[in-house]
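Notes for the one structure printed next.
The values are calculated or read from the model by the stated rules, or taken from the named source; none is laboratory data. On a predicted model such as this, the values are computed, not experimentally measured, just so you know. Cβ coordinates were reconstructed from backbone atoms using ideal geometry, including for glycine residues, and neighbour counts include every protein chain displayed. Just so you know, the surface numbers come from the protein's heavy atoms only, side chains and all, with ligands and any DNA or RNA stripped out. Shrake-Rupley method; radii C 1.70, N 1.55, O 1.52, S 1.80 Å.
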Amino acid sequence: MPELHIPAGGSRLLLHSCCAPCSGAIIEALVANEIRPAVFFSNSNIVPLSEYELRRSELERYCRSLGVETVNDEYDHRAWLDAVRGLEHEPERGLRCLECFKFRLRRAARYACCNGYDVLTTSLASSRWKDLDQVNEAGIAACTEASEMYGKPLTWWGQNWRKGGLQPRRNEIIHEQNFYNQTFCGCEFSK
């Protein structure tokens with residue numbers, strides 16, 4: 001288990017979560033390091049709604065088992081489609097993914113600033129299918145915009161959640177918890 005500390009002297013962490021399989025080892029490691037995040041589920045990219053609800057319920061079940069708070073963002077697939085309009089034919093890890101990350105992390109950053117969190121990170125940085133540079137670019141932009149909009153500092157924690165034994169632990173938790181483990185990111189363009 002890696003030793004973890006909230007960066008920049010932060011005291012309240014909001015973890016944006018894409019799903020339970022990607023978040024399990026991160027949440028476990030944070031709790032083991034006496035860091036109690038709130039877990040923010042903001043994934044308007046996921047279709048159909050039944051898929052979204054299944055992923056959300058798996059995350060809520062796991063967080064409840066650890067006594068970790070979850071926060072559910074409003075599901076707004078139409079707004080997400082507007083955010084990625086014109087990028088529908090981009091390949092995975094292309095510009096559509098970057099805009100998708102920005103959309104979701106902006107929502108998380110706004111929630112963080114409005115609710116007293118001073119550090120934001122995401123489970124998107126645990127997936128081997130995601131480009132870490134894109135995830136960090138989106139996170140930095142989201143925190144900067146929210147800080148300027150609300151006049152409150154918000155630090156981006158660009159942690160590589162694949163390291164420190166977390167990738168193998170992620171796979172163990174998936175099996176231990178019998179998580180529903182999806183085979184696509186969630187949007188209709190990734191199938």
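Just one of the numbered conditions (1) surrounded by fewer than 17 Cβ atoms within 10 Å (Cβ to Cβ); (2) in contact (Cβ under 8 Å) with a residue 12 or more places away in the chain; (3) of a type outside the set (Asp, Glu); (4) closer than 21 Å to Tyr180 by Cβ is not true of His77; which one?
It fails just one condition, (1).
Here is a check on your reading of the model: is Glu53 more than 24 Å from Tyr150 (Cα to Cα), out of contact with any Pro (no Cβ under 7 Å at 6 or more places or on another chain), crowded, with 16+ Cβ neighbours inside 10 Å and free of Cβ contacts under 8 Å to residues at least 24 places away in the same chain?
Considered against the rule, which asks whether it is more than 24 Å from Tyr150 (Cα to Cα), out of contact with any Pro (no Cβ under 7 Å at 6 or more places or on another chain), crowded, with 16+ Cβ neighbours inside 10 Å and free of Cβ contacts under 8 Å to residues at least 24 places away in the same chain, Glu53 comes out as no.
Cβ-Cβ below 6 Å, separation at least six or inter-chain, first residue in the stretch 133-162 and closer than 16 Å to Ile6 by Cβ and at pLDDT 95 or above, second of a type in the set (Val, Ile, Thr) and open to solvent by 20 Å² or more (accessible area, probe 1.4 Å): which pairs?
Qualifying pairs under 6 Å: Trp156/Ile140.
Output the residue which, of all residues in the stretch 168-191 that are surrounded by 13 or more Cβ atoms within 10 Å (Cβ to Cβ), under 23 Å from Leu98 (Cβ atoms) and of a type outside the set (Ser, Thr, Tyr), is modelled with the lowest pLDDT.
In this case the residue turns out to be Phe184.
Quick one: which residue in Val119, Val71 is within 22 Å of Leu15 (Cβ to Cβ), crowded, with 20+ Cβ neighbours inside 10 Å and touching a strand residue (DSSP E or B) at 6+ places or on another chain (Cβ under 6 Å)?
Testing whether each residue is within 22 Å of Leu15 (Cβ to Cβ), crowded, with 20+ Cβ neighbours inside 10 Å and touching a strand residue (DSSP E or B) at 6+ places or on another chain (Cβ under 6 Å) leaves just Val119.
Right, Ser23: surrounded by 22 or more Cβ atoms within 10 Å (Cβ to Cβ) and in contact with an Asp or Glu (Cβ under 7 Å, 6 or more places away or on another chain) or not?
Answer is no for this residue.
Can you tell which of Gly158, Gly139 is assigned to a loop (DSSP other than H, G, I, E, B), in contact with a strand residue (DSSP E or B) (Cβ under 8 Å, 6 or more places away or on another chain) and closer than 21 Å to Gly94 by Cβ?
Just one listed residue meets the conditions, Gly158.
Any residue at all in the stretch 77-88 that is under 14 Å from Ser190 (Cβ atoms), aliphatic (A, V, I, L, M) and part of a loop (DSSP other than H, G, I, E, B)?
Within the stretch 77-88, one or more residues are under 14 Å from Ser190 (Cβ atoms), aliphatic (A, V, I, L, M) and part of a loop (DSSP other than H, G, I, E, B).
Is it the case, given these coordinates, that Thr121 is in a strand (DSSP E or B) and either more than 19 Å from Glu58 (Cβ to Cβ) or without any contact (Cβ under 8 Å) to a residue 24 or more places away in the chain (or both)?
In short, yes.
Within the stretch 128-138, can one find any residue that is out of contact with any His (no Cβ under 8 Å at 6 or more places or on another chain), open to solvent by 60 Å² or more (accessible area, probe 1.4 Å), charged (D, E, K, R) and farther than 20 Å from Ala83 by Cβ?
yes
Out of the stretch 9-29, which residues are within 16 Å of Ala108 (Cβ to Cβ) and outside any strand (DSSP E or B)?
Answer for the stretch 9-29, where residues must be within 16 Å of Ala108 (Cβ to Cβ) and outside any strand (DSSP E or B): Gly10, Arg12, Cys18, Cys19, Cys22, Ser23, Ile26, Ile27.
Looking only at the stretch 85-116, count every residue that is open to solvent by 30 Å² or more (accessible area, probe 1.4 Å), farther than 16 Å from Met149 by Cα and not small (Gly, Ala, Ser) and tell me the total.
Number of matching residues: 10.
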